[in-house]
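Below is one structure; the comments refer to it alone.
The values are calculated or read from the model by the stated rules, or taken from the named source; none is laboratory data. Predicted model only: the values in this text are computed from it and were never measured. Note: ideal-geometry Cβ built from the backbone for every residue, glycine included; neighbour counts use all protein chains shown. Side chains are part of the model used for accessible areas, which takes the heavy atoms of the whole protein and leaves out ligands, DNA and RNA. Shrake-Rupley method; radii C 1.70, N 1.55, O 1.52, S 1.80 Å.
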Amino acid sequence: MTETFVPPTRFAVPGRIAVSEQAASEWQTATVTGIRRETPRVTTFRLAVPHWPGHLPGQHLMVRLTAEDGYAAQRHYSIASAPDDSGHIELTLDHVEGGEVSGWFHTVARPGDRVEVRGPVSGFFAWPGDRPALLIGAGSGVVPLMSMIRHHRARNLTVPLRLVVSARSPEELVYARELGAETTAVFTRSAPEGVAVGRMAAAHVAPLLAEQPAGGWEAYVCGSNSFAEHASRLLVTAGQPVDRIRIERFG
Amino acid sequence: MHITRGFTGRPRVADPGLPPGQYDAGDDWPVLSAEVTPELASADWTFRIDGLVAEPRTWDWEEAHRMPPSAYEGAIHCVTSWSKFGVRFAGVSLDAFLDTARPHASATHAVAYSHTGYTANLPLADLTGGRAWIAWEYDGKPLAPEHGGPARLLVPHLYFWKSAKWIAGLRILDHDEPGFWERNGYHERGNPWEEQRYAGD
C-alpha cells in the first residue's frame, strides 16, 4: 500500500513559485557598489552580483562574511530591490547593536568591498505581481515590501497594491522619499503636524478589507515578531483569511 | 572562500556544540513562523498518528499527559543560523506514541503536520530512538503559542523548521514527501552538522 496523502497546507501558494535549487546552493562573490543612508539607523547597500539568477519581490538571500582565520558568519536578509535591477541587488540593513554582520556593513563596508551571497532563497513570502497585495510592515520590515512596490512600478502593474507602514517617526520611516499614494504611514512616537501618533490599529486595516479588490487581498506582513503578531491579529479580526496572510518575522 | 576586508567577527569561543555556520543566540529565542499564530487551546489540541501503522490513533491533551513524561535539555539550531543552548523542553518521547501506533515494517518516512496546515517531512529514523518529542513545556512553563504551544514536535538534532509547531499529527509513509519548506527550496533532511540548509547542500 502506498499512501500519497499529504495533509493540506492551507496557506501555501508555492506551487506558482519555483525556487532554483542551484541558485540556493551556490555562493558567489558580490561587490559593494553603493551605500545610501535611508534613516539615521538604516542604510542601503547596493551590490553588483554578476551571476545573479534573478529573484521575486519578497525573497531573501544569505550573506557570508569570512575573517582571515577562516571564521565565517552568515545571515539571511530580505532583498530590497526590484527584480529588474539588472546585475545588481540592494539590501537595506538596520544597524543592530553588536550585530556581527550588519555591524560590518555599517561601520566597515565601502564601495569595492566584496562579500559572498547565495540565493535567492525561499518562495513563501514572494509576490510575483499577479494578485492584489496588501502589505503591512514596521521599521525595516518594509524592506521586502518595498521590493514589491518597486516591482509594481517598474512593470506598470495594474493589480491593486497597498502598503500600511509603521515607523517611530517621520525621520525613521525607511524609504520615505519613495513611498507614494499606495502608502498609509502610521507613526508611533512622533508624527507630522496634524497626524495622530499611535500604534497601528483596526482603523488603518479595516477600511482596506472593506474595499476588497476582485479575488481579495493577499496579505504580506513583515516586522518584529511582536509587530507581526499584532498586525496579523488586526488582519484576522478585520476578516482576512488566515491562509492568505504571509508573515516574515525579524528576530 | 573569500576573505572579507576588515571583518573580524565575534570573539571566538571554541564551542563543540555549535554546528558550522551557526552563532549562539544567547538568551534570544527568535520566532520564525510563516503563518498566523493560531489560538489553539490545550483542550482543543489533538495529536494523531496514522498512515502505515498497525493502530492509527488520536490522543487528546489529557491522554497525552497520561503517558510517561520525558524531557530534553540541550541545544536547538535554526537554519537562519542561530543556535540556542541549554534549552529545557518537557513532554513525551515520540517513541511512546509510535510504540502504540506500531509503524509497518515498510514505513520509512513521516510527514508531520500542524493545526495550521504547516508540514515537514522526516525520515522515521530521525523520530525514533529517543531523539524526538511532543513538547508542551519550555523551561518549566507551558510552551508559548508563538513557539508552538500548546504542543510542538521537537527534533533537536535537525534544523528547527522540522520541529513543527502546533503539532497535529504524523502520517507514516513508505516514501519521502517534501513538506512546506522543503517545497520552498529547503533541504530534505536538514542536519545542522552537515549544513543541510537548502536543496542541493
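The rows are residues; the columns are (1) touching a residue at least 24 places away in the same chain (Cβ under 8 Å); (2) charged (D, E, K, R); (3) in contact with a Gly (Cβ under 6 Å, 6 or more places away or on another chain).
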{"residue": "A:Glu193", "(1), (2), (3)": "no, yes, no"}
{"residue": "A:Met200", "(1), (2), (3)": "yes, no, no"}
{"residue": "A:Ala203", "(1), (2), (3)": "no, no, no"}
{"residue": "A:Ala214", "(1), (2), (3)": "yes, no, no"}
{"residue": "A:Val221", "(1), (2), (3)": "yes, no, no"}
{"residue": "A:Phe227", "(1), (2), (3)": "yes, no, no"}
{"residue": "A:Thr237", "(1), (2), (3)": "yes, no, no"}
{"residue": "A:Gln240", "(1), (2), (3)": "yes, no, no"}
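The set of residues in the range B:161-191 that are closer than 26 Å to A:Trp27 by Cβ and within 13 Å of another protein chain (Cβ to nearest Cβ) comprises B:Trp161, B:Pro178, B:Gly179, B:Phe180, B:Trp181, B:Glu182, B:Arg183, B:Asn184, B:Gly185, B:Tyr186, B:His187, B:Glu188.
The condition of being more than 30 Å from B:Gly179 (Cα to Cα), more than 12 Å from chain B (Cβ to nearest Cβ) and touching a residue at least 24 places away in the same chain (Cβ under 8 Å) holds for only one of A:Leu145, A:Leu134, A:Leu157, that being A:Leu157.
When the residues of the range A:93-127 are filtered to those that are of a type in the set (Phe, Trp, Tyr) and more than 8 Å from chain B (Cβ to nearest Cβ), which remaining residue is surrounded by the most Cβ atoms within 10 Å (Cβ to Cβ)? Ranking the candidates gives A:Trp127 first. No other residue among A:Val108, A:Val96 is more than 22 Å from A:Ala231 (Cβ to Cβ) and without any contact (Cβ under 8 Å) to a residue 12 or more places away in the chain apart from A:Val108. Counting only strands (runs of 3 or more DSSP E) that fall entirely inside the range A:42-90 and contain at least 3 residues that are under 23 Å from A:Gly137 (Cα atoms) and either in contact with a helix residue (DSSP H, G or I) (Cβ under 7 Å, 6 or more places away or on another chain) or modelled with pLDDT under 90 (or both), the qualifying elements are A:42-48. Only one of the numbered conditions (1) crowded, with 20+ Cβ neighbours inside 10 Å; (2) touching a residue at least 60 places away in the same chain (Cβ under 8 Å); (3) in contact with a strand residue (DSSP E or B) (Cβ under 7 Å, 6 or more places away or on another chain) is not met by B:Trp59, and that is (2). When B:Tyr113 is tested against (1) facing chain A (nearest Cβ under 9 Å); (2) surrounded by fewer than 23 Cβ atoms within 10 Å (Cβ to Cβ); (3) at negative phi, only condition (2) is not met. So for the range B:23-32 (the condition being facing chain A (nearest Cβ under 9 Å), among the hydroxyl-bearing types (Ser, Thr, Tyr) and more than 19 Å from B:Ala120 (Cβ to Cβ)), does at least one residue qualify? The answer is yes, given that some residue of the range B:23-32 is facing chain A (nearest Cβ under 9 Å), among the hydroxyl-bearing types (Ser, Thr, Tyr) and more than 19 Å from B:Ala120 (Cβ to Cβ). Filtered by the rule that a residue be charged (D, E, K, R), within 30 Å of A:Arg233 (Cβ to Cβ) and surrounded by fewer than 17 Cβ atoms within 10 Å (Cβ to Cβ), the range B:1-44 gives B:Asp27, B:Asp28, B:Glu39, B:Asp44. Of all the numbered requirements in (1) open to solvent by 10 Å² or more (accessible area, probe 1.4 Å); (2) assigned to a strand (DSSP E or B); (3) not acidic (Asp, Glu), A:Val32 misses one, and that requirement is (1). Scan A:Arg177, A:Arg168 and give me the residue that is closer than 15 Å to A:Phe227 by Cβ, within 20 Å of the chain's Cα centre (by Cα) and open to solvent by 50 Å² or more (accessible area, probe 1.4 Å). None of the others qualify; the one that does is A:Arg168. Among the residues of the range B:41-59, those that are among the hydrophobic types (A, V, I, L, M, F, W, C) and either within 17 Å of B:Trp133 (Cα to Cα) or in contact with a Leu (Cβ under 6 Å, 6 or more places away or on another chain) (or both) comprise B:Trp45, B:Phe47, B:Ile49, B:Trp59. When A:Phe187 is tested against (1) touching a residue at least 24 places away in the same chain (Cβ under 8 Å); (2) open to solvent by less than 60 Å² (accessible area, probe 1.4 Å), exactly one condition is not met: (1).
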